[in-house]
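Okay, structure first, notes after.
Values quoted throughout were computed directly from the atomic coordinates according to the rules given, and no laboratory measurement underlies them. What you see is a predicted model, and the numbers here were worked out from it, not measured in a lab. Every residue, glycine among them, receives a Cβ derived from its backbone with ideal geometry; neighbour counts consider all protein chains shown.
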Amino acid sequence: MMTSAPVATLAEVFMDNRAQLRRIAHGIVRSPETAEDILQDAWIRLSDGDRLGEVQRPFCYCCQVVRNLALDHCRRQSLESSYRCYDIEVETLELPCATSPHKSFQDYEVLCAIDRELSKLPARTRLAHELYRIQGLTQRQIAEHLGCALGLVNALLADAARAIESCRTLMYAD
């Protein structure tokens, strides 16, 4: 009595021939990473159900599944690339002007008004304000620079802030 050899499942046939199936996928998609992704998809499809009863040549069936998935991937990539537009030069795009001429003039007027108010202050107060607002020094650094107490620097900055307070209404005028 002749005993038949155990029938291999599709998953077993797939695993036994994985290297050859990878070469088939890579030959179509031309990317090792994408070929691995296709093998993963094929594995999921083949291991879901045991269709060996329906398949007469399991290796050929596995090859066809991998081939079809690779071709589907290429078709999808081709379709997606037809929707993309790469012929635009980003450097040549015109950007809308961030500020209008009116806004630029208004900003200039505000700066002139602040400058006028600061010019009325003593030189040490103006210097303390410039060191704090323009150069970004701390009050302690300004005190060291001017050779005075920290409390005096605080008072000088408060004087400068009061002097330019009248310019605040110009900043928010439309």
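Some values worked out for this structure:
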item	result
Full-stretch length increase - ALA11, GLN77 - with 0.36 nm per residue and alpha-carbon distance subtracted	21.0 nm
Mean separation of Cα contacts under 8 Å (6+ apart) over length of region 101-171, as relative contact order %	42 percent
Derived scalar couplings ³J(HN,Hα) [region 63-72; Karplus, 6.51 cos²θ - 1.76 cosθ + 1.60; whole Hz; x for Gly, Pro]	4, 5, 4, 4, 4, 4, 5, 5, 5, 4
Spacing of the two label points (7 Å from each Cα toward its C-beta) at ARG30 and SER104, in nm	4.9 nm
In sequence order, calculated HN-Hα J values of region 9-22 (Karplus, 6.51, -1.76, 1.60; Hz; x Gly/Pro)	7, 4, 4, 5, 4, 4, 5, 5, 10, 4, 4, 5, 5, 4
Inter-site label distance for ARG57 and ARG162 at 7 Å from Cα along Cβ, in nm	9.8 nm
